[in-house]
Amino acid sequence: MRINLLLLVFITIFSINTFAQEHEKEKKNLLTVALGYTYIPKASTLDAEEATGIFVPTIGLDYFRRLHPRWEIGIMADIELGEYVVFEKELNRENAVLLTAMVNFNLSKHINFLAGGGMEFEKHKNLGIIRLGGEYVFKLPKNWVIAPGVFFDFKEGTDTWSLSVAIGKEF
């Protein structure tokens, strides 16, 4: 009787542990906050007379949903915190907001390639955008991640690139 009871307890504990491990692997959502800088090579400050290139601080909020072990879809929302002029296009830009729908391909456990498109919204003129990028993901305890990344935005002659670090949680 004692052996049966011990066997039942052992099987129950093993089953709960196995279920918990499987459930932990099924995290399909990722929410991150990203901090970085965007470089606009054909722009400059408002008081400049020619394009010298400018770095603009950027804050982002990203959400991704895993569809397959290697594929995710998501939305990236960024705001450029600054004012600048793109001389070649005669564009004034102030605190532009970028919204992009993205597809994420997980090349490996740590390396992601991203591609998508969307819009850059700004009070003077809205621009269409195509975004390509990559991230290196560091998995941390309790489903936290840190992901430094580089992104290229192609937008009507004012192409930019950015470096960022995203901090987020899988759930």
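A few comments on the model shown:
- Tallying residues that are more than 15 Å from PHE113 (Cα to Cα) and of a type outside the set (Phe, Trp, Tyr) within region 68-88 yields 10.
- Hey, PHE121 over 15 Å from MET76 (Cβ atoms), hydrophobic (A, V, I, L, M, F, W, C), surrounded by fewer than 21 Cβ atoms within 10 Å (Cβ to Cβ) and at pLDDT 95 or above or not: no
- All of (1) in a strand (DSSP E or B); (2) surrounded by fewer than 14 Cβ atoms within 10 Å (Cβ to Cβ) hold for GLU88 with one exception: (1).
- Among the numbered conditions (1) surrounded by 15 or more Cβ atoms within 10 Å (Cβ to Cβ); (2) in contact with a Lys or Arg (Cβ under 6 Å, 6 or more places away or on another chain); (3) of a type in the set (A, V, I, L, M, F, W, C), the only one that TRP144 does not meet is (1).
- Residues of region 80-100 satisfying the condition of being of a type in the set (Val, Ile, Thr) and closer than 12 Å to ILE59 by Cα: VAL97
- Residues of region 59-85 classified as over 27 Å from GLU170 (Cα atoms) and in a strand (DSSP E or B), total: 3
- Annotation note: Cβ proximity below 7 Å between a residue of region 87-112 that is over 22 Å from ASN126 (Cα atoms) and modelled with pLDDT of 95 or more and a residue that is basic (Lys, Arg) and surrounded by fewer than 19 Cβ atoms within 10 Å (Cβ to Cβ) (sequence gap 6+ or interchain) occurs for PHE105/ARG70; ASN106/ARG70.
- Odd one out for GLU156 among (1) assigned to a strand (DSSP E or B); (2) within 24 Å of ALA48 (Cβ to Cβ); (3) of a type outside the set (Lys, Arg): (1)
The values are calculated or read from the model by the stated rules, or taken from the named source; none is laboratory data. This is a predicted model, so every value here is computed, not measured. Cβ coordinates were reconstructed from backbone atoms using ideal geometry, including for glycine residues, and neighbour counts include every protein chain displayed.
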